[in-house]
Every structure is written in structure tokens, then in C-alpha cells.
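Engineer: To start, I am sharing the structure in question, which I have written as C-alpha cells.
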Amino acid sequence: MSEERFEIRKDGLVLKGKHFSSGETANPPVIISHEFGMNMLSTARYARPIAKAGYNVYIYDFCGSGAGISQGRKSTQMSVLTEKDDLFAVMDYVMERENAESVILGGCSQGGLVSALAAAERKSEVEKLFLIYPALCIPDDARSGSMLGAKVNPENPAETFTAIGYVKLGKRYVLDALKLDPWEQITPYREPVLIVHGTADGIVNISYARKAAELYENAKLVEIEGGKHIFPMISHVKKTCSEIIKFIK
């Protein structure tokens, strides 16, 4: 299997990522988006097994993610909606490079919400969608005034605040989250959806995954018993990879 770095330059941004391939394939390419405050080191653990199963897989760092190598946007300028624009840029790049009319999207946590929004907005170009512990709670968290361990005022967000102890965010993150109604915005996507979520997730309650599975027209939910957010147990990652490969095949 080969690994190759790639760069996308658009609107003053430099999106950096990796392409995993086990050779020529007629399968649609796969794009996986990472969690909040993390980078493609997290999504690589899903990308490699999927590539070995016969897919060209692309992972990348969001701009302003707080931990990635993409450039051109500060973390204080980042939001779910700016990350959706990043994903659109990656989709355009991958479809042109692969001469493909559609892709398979996958996303983890916040990257799952981003991927779900993107799939609904560009549904004719997304063949299948898989969501790993998707953070569909973000709009509710913003409205409740508690986001990623930080207290926020939804009526008058601070110019900057720190989340999860090390990521400095700006008020745009809150304001853009408040614009979202995920149940309304993601469910226009009618193609197959796989959701994998842990029953012991303390960051995103599994009730969000269960509700999404009910509202999507064509969804399957796999519950990982005892699984925590970001799946620290290798057995949970392996189970997730097995479910994804069965789903996309």
C-alpha cells in the first residue's frame, strides 16, 4: 500500500493531507474528516484498513483545527461551516484527480457533523456516508452555553475562549453553531448512511446517533458497547473499520 502527501491551495488556504492506495481501483474514492482539535493522525487508523480493502482514501487536516498542518486560517476563525468549505475543496480536488463523479464521505465527531452537512448539500456527489461518533450535539451545546468544556454566552459570545484546554476559538465558532439545525439540514441526504457510536460516549451522548438513525431515510446504527469518544480501545477501532468496509462494499 502506498501513502502520498497532497496539498490543495484555495482562497489563501493550504489544505494538506495524505492519500492511501493499494493500487488501481474502480471503487469510488473515500474522504475522511477528523475530530475537533485533532488531525489526520486520528483518521489514518481508519484510512489504512479501508485502502487495503481496495479503495483510494484521502485524509486531511482542517484549517485552524488547533492541531493540524494545514495553513491559512487561525483557530479563532474556524467553525463547523469553515470546515464544511474545507471539505468541499477536498471533494473537488479528489473528484478531479480520480476522474470520479462521486465520493464516499466519512467523518469523526465534529468531522462527522461536517460530513453530514456536506453530504446533504451535495447529495448527488456523495454515494455513501459513514459517521463515527458524530458530534451532532454541537448546536445544542452552543445554545446551552457549554461547549467542549468552555462556558459560552450564546447571546453575546466572547471574542475568544479556550476549549478542551488548548484550542483557542473565536466567537464565529459559537455564532455559526447557533445557525445550525442538524436534524433539518442533514436528513435531505437519502443515500445509505452508517453511524458507529459508543454507548459510553461522555462527549456526544449516543442519543444523538440514535435520533439520526431514525431520521435518516436509509441508515444503520452500530452501537459499540462500552465505547468512549474517539474510541481509545483498539478493539473498538477494529470493529468500526470492519463495519465501514462491509458498508461501503
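Engineer: Which helices (runs of 4 or more DSSP H) sit wholly inside segment 175-249 and have at least 1 residues that are small (Gly, Ala, Ser) and in contact with a His (Cβ under 7 Å, 6 or more places away or on another chain)?
Structural biologist: Of the helices (runs of 4 or more DSSP H) lying wholly inside segment 175-249, those with at least 1 residues that are small (Gly, Ala, Ser) and in contact with a His (Cβ under 7 Å, 6 or more places away or on another chain) span 206-215.
Engineer: Please go through segment 137-184 and give me each residue that is farther than 14 Å from Val80 by Cβ, free of Cβ contacts under 8 Å to residues at least 40 places away in the same chain and aliphatic (A, V, I, L, M), ordered by number.
Structural biologist: Answer for segment 137-184, where residues must be farther than 14 Å from Val80 by Cβ, free of Cβ contacts under 8 Å to residues at least 40 places away in the same chain and aliphatic (A, V, I, L, M): Ala150, Val152, Ala158.
Engineer: Continuing with this model, one more query. Given (1) β-branched (Val, Ile, Thr); (2) part of a loop (DSSP other than H, G, I, E, B); (3) buried (at least 17 other Cβ atoms within 10 Å of the Cβ), where does Ile69 come up short, assuming only one miss?
Structural biologist: Result: Ile69 passes all but (3).
Engineer: Also, I was wondering about something else. It is to be established whether one or more residues within segment 75-93 are at pLDDT 95 or above, part of a loop (DSSP other than H, G, I, E, B) and surrounded by 20 or more Cβ atoms within 10 Å (Cβ to Cβ).
Structural biologist: Yes, there is a match, as at least one residue in segment 75-93 is at pLDDT 95 or above, part of a loop (DSSP other than H, G, I, E, B) and surrounded by 20 or more Cβ atoms within 10 Å (Cβ to Cβ).
Engineer: Output the number of residues of segment 215-234 satisfying the condition of being without any contact (Cβ under 8 Å) to a residue 24 or more places away in the chain and either β-branched (Val, Ile, Thr) or surrounded by fewer than 11 Cβ atoms within 10 Å (Cβ to Cβ) (or both).
Structural biologist: 2
Engineer: For segment 104-157, what are the residues that are assigned to a strand (DSSP E or B) and at pLDDT 95 or above?
Structural biologist: Passing the criteria: Ile104, Leu105, Gly106, Gly107, Cys108, Val126, Glu127, Lys128, Leu129, Phe130, Leu131, Ile132.
Engineer: Something else about it: Can you tell me which residue in segment 35-66 is farthest from Ile8 (Cα to Cα), limited to those that are assigned to a loop (DSSP other than H, G, I, E, B) and hydroxyl-bearing (Ser, Thr, Tyr)?
Structural biologist: Tyr55
Engineer: Considering each of Ala47, Ala26 in turn, give the residue that is buried (at least 22 other Cβ atoms within 10 Å of the Cβ) and out of contact with any Cys (no Cβ under 8 Å at 6 or more places or on another chain).
Structural biologist: Of the residues listed, the single one that is buried (at least 22 other Cβ atoms within 10 Å of the Cβ) and out of contact with any Cys (no Cβ under 8 Å at 6 or more places or on another chain) is Ala47.
Engineer: Which residues, taken from segment 1-14, are in a strand (DSSP E or B) and in contact with a helix residue (DSSP H, G or I) (Cβ under 6 Å, 6 or more places away or on another chain)? Full working, then the answer.
Structural biologist: So the first thing to find is which residues in segment 1-14 are in a strand (DSSP E or B), and the list is 2-10, 13-14.
Ile8, Lys10, listed by residue number.
The values are calculated or read from the model by the stated rules, or taken from the named source; none is laboratory data. Everything numeric in this text was worked out from a predicted model, so none of it was measured. All Cβ positions, even for glycine, are placed from backbone atoms using ideal geometry, and neighbour counts span all protein chains on display.
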